[in-house]
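Heads up: the structure comes next, in structure tokens.
The values are calculated or read from the model by the stated rules, or taken from the named source; none is laboratory data. Model, not experiment: these values are computed from the prediction. Here the Cβ is made from the backbone with ideal geometry for all residues, glycine too, and neighbour counts use every protein chain on show. Heavy atoms of the whole protein, side chains included, go into the accessibility calculation; ligands, DNA and RNA do not. Shrake-Rupley method; radii C 1.70, N 1.55, O 1.52, S 1.80 Å.
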Amino acid sequence: MLDPVDMDIADSDFLNNQLDNGDSSDSDIDNYCMSFTCKNRLFGRQKPLHVVLGAGVSADIILWRNKQISAYIFMGATLTWLLFERTGYNLVVFVCHASLLSLTALFLWSNLGSFIYVSPPEIPETILPQHLFMRTAISLTATYNQALRSFRHVVFGTDIRDFLSVALVLWVLSVVGHLCSFLSFLYIVFVILMIVPALYDNLEDSVDSFAEKALIAINKQYAVLDEKVIQKLKKSVISSKNRKQQ
């Protein structure tokens, strides 16, 4: 008889095979997700991590299901970071040098090819579809509007927990931005994106159990803080407003 960990691995492999083979249906994923919700998952997640990430090529790359492509992308990003950050090579200089080299090579090839009996290069005409830019613009607009709504909710809301969470995130980002450049920050985010989900996918049960215990402890500490500090601050603010109105 399989233990719960082996059953999770077997179910995950079954879902991945169904998705890879193109034989999966909505009912198959729904049935799997219904059996998955019997456990407490991180952030209240109701679906497997592979499904949450889209259950496609991007999810396979992030979770290292296709190790060859994931390794190539990781090495390419690392070489790019080393080129621009550690060697001091500027992005604008790199683009200009690469364009100049390509332009010179193609110009010489097209003009001197007849002397060495080589046909000139054939550069296909590429036209980007308009709907691609329209979808990108719509997506960016929706993201911007959502960010504004979240900002208004935090600023004009009464839940101090949201305010403290946003303030903590902004403070951490400011510390990281002070310690490294923007390119290094992007590379750190990329490394975290390529490592943390894969580790969590392999250690899912242990991480969820630890996170649940940690969340219970944090909620207890927040309840104490709310009782001793936050509620007193709210009462003092309300009393001061009432005095001004009188």
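Structure notes:
- Residue in region 162-171 that is within 28 Å of Trp64 (Cβ to Cβ), of a type in the set (A, V, I, L, M, F, W, C) and surrounded by 10 or more Cβ atoms within 10 Å (Cβ to Cβ) present: yes
Residue-wise test of (1) of a type in the set (Ser, Thr, Tyr); (2) modelled with pLDDT of 85 or more; (3) farther than 23 Å from Leu193 by Cβ.
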| residue | (1), (2), (3) |
| --- | --- |
| Pro4 | no, no, yes |
| Ser24 | yes, no, yes |
| Ser27 | yes, no, yes |
| Asp30 | no, no, yes |
| Ile62 | no, yes, no |
| Leu82 | no, yes, no |
| Thr87 | yes, no, yes |
| Asn90 | no, no, yes |
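- Test for Val196: is it closer than 23 Å to Ala55 by Cα, modelled with pLDDT of 85 or more and in contact with a Phe, Trp or Tyr (Cβ under 9 Å, 6 or more places away or on another chain): no
- Tally, over region 135-161, of residues that are farther than 18 Å from Ile230 by Cβ and loosely packed, with under 12 Cβ neighbours inside 10 Å: 17
- Applying a threshold of 9 Å to beta carbon distances and a minimum spacing of six or more residues, or different chains, the list of pairs starting in region 116-132 at a residue that is over 17 Å from Leu103 (Cβ atoms) and ending at one that is open to solvent by 100 Å² or more (accessible area, probe 1.4 Å) reads Val118/Trp109.
- Unmet requirement for Asn111, which otherwise passes all of (1) in a helix (DSSP H, G or I); (2) open to solvent by 100 Å² or more (accessible area, probe 1.4 Å): (2)
- Residues located in region 62-72, provided they are in contact (Cβ under 8 Å) with a residue 24 or more places away in the chain and part of a helix (DSSP H, G or I): Ile62, Ser70
- Test for Arg161: is it farther than 30 Å from Arg86 by Cα and touching a residue at least 60 places away in the same chain (Cβ under 8 Å): yes
- Leading residue by the ranking (least open to solvent (accessible area, probe 1.4 Å)) among those in region 190-235 that are among the aromatic types (Phe, Trp, Tyr) and within 23 Å of the chain's Cα centre (by Cα): Tyr200
- Residue ID - surrounded by the fewest Cβ atoms within 10 Å (Cβ to Cβ), chosen from residues in region 63-94 that are of a type in the set (Phe, Trp, Tyr) and in contact with a Ser or Thr (Cβ under 8 Å, 6 or more places away or on another chain): Trp81
- Whether a residue is touching a Pro at 6+ places or on another chain (Cβ under 9 Å) and not polar (S, T, N, Q) was assessed, and Asp159 does not pass this test.
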